[in-house]
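Following: one structure in structure tokens, then a few remarks.
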Amino acid sequence: MTDMTGPDFEVTVQRSSGTAVVQVAGELDLASAPTLADMLRDLEPPCDRVILDLSRLTFIDSTGLRLAIAEHRRAELDGFDFVVAGATAPILRVLRVTGLDVALPMAPDVASALDGSDGAPDPRSAT
């Protein structure tokens, strides 16, 4: 497990069998995005799947959204799976308004992302 923290942001990575679960907590913004970007870059092979767990994220700005898009594109180019999991209602609202709720692979929680379940409720129904 790897852990990086800042004043209002924390990143924890747990790796198992080619899967990395990257949990972010706090605020993902201009100040904290470089920490997450560095952590994601350090996950280079042999990761087959990266799950970005947003269940403890309280805020995301355009910098964080841009980082999620870039990581998804990198996953497509480099041949690994990238899934956003566990987004809470306030984060889902931001994803919905920006259209990223349908552009990014999403799961309701880490367990669903791990088992490949597609039983996620439509994030656009979040209020």
Note on region 55-82: residues out of contact with any Cys (no Cβ under 7 Å at 6 or more places or on another chain), buried (at least 16 other Cβ atoms within 10 Å of the Cβ) and farther than 19 Å from THR35 by Cα are ASP81
Return yes when LEU92 is of a type in the set (A, V, I, L, M), at pLDDT 95 or above and over 23 Å from GLY18 (Cβ atoms) and no when it is not.
yes
So which of PHE80, PHE59 ends up being more than 23 Å from ASP8 (Cβ to Cβ) and touching an Asp or Glu at 6+ places or on another chain (Cβ under 8 Å)?
PHE80
Do you know which of the residues in region 78-108 that are in contact (Cβ under 8 Å) with a residue 12 or more places away in the chain, more than 17 Å from THR58 (Cβ to Cβ) and part of a loop (DSSP other than H, G, I, E, B) is farthest from the chain's Cα centre (by Cα)?
PHE80
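The values are calculated or read from the model by the stated rules, or taken from the named source; none is laboratory data. Bear in mind that the values here come from a model prediction, so they are computed numbers and not experimental data. Because the Cβ atoms are built from the backbone with ideal geometry, glycine has one as well, and the counts that use them run over all protein chains shown.
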